Amino acid sequence: MARIASAPSERAEDPSPIHSPYASITYSVPGAHAPPCVAVPVGVAIVLNAIVRPWLAESLNGARRTSFTNAKSADGWWEFSDPVRTAHPAATSLLETSDGAIATAGIALAALVCGALLAGDSLRGTEERKRG
């Protein structure tokens, strides 16, 4: 029966480390280009919410509305008068969309792009294995 060493002085040091026969194999990580596919759409959503939308709303005299969902979370959008909404339908439609919806769209786009890139990597890997 094996005895378990309890004191540090009783613990045996392993004189020979285990060498794996697979140590020299290198693996390519599928989707190595995934960070840019996440950063770009999310970055665009952040720039839209932080810079572009407030600037555009100010130029159209929009009124900022905020909804507090709890003590730590709030969502915001802008409201416009009917003449402004009629004169600038695309801009007011973008600005009347909530900040959270814009951020969610950026995250969803990032997930779709990463999924497509990973699927492409997987298909290319399958084709390479069949060839060689």
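FYI, it's all coordinate maths here, none of it is from the lab. Every value quoted in this text rests on a predicted model; they were computed, and no experiment measured them. Glycine also receives a Cβ, built like all others from the backbone with ideal geometry; neighbour counts cover every protein chain displayed.
If I stretch the segment between Ala39 and Ala71 completely, what's the gain in nm (0.36 nm per residue apart, minus their alpha carbon distance), one decimal?
Full-extension gain reported as 8.7 nm.
If Lys and Arg each add +1 and Asp and Glu each add -1, what is the summed charge of the other residues whose beta carbon sits under 15 Å from the beta carbon of Arg64? If you can, show how the numbers build up before the last one.
On the way: positive: Arg53, Arg65; negative: Glu58, Asp75, Glu79, Glu96, Asp99.
Charge balance in the 15 Å sphere: -3.
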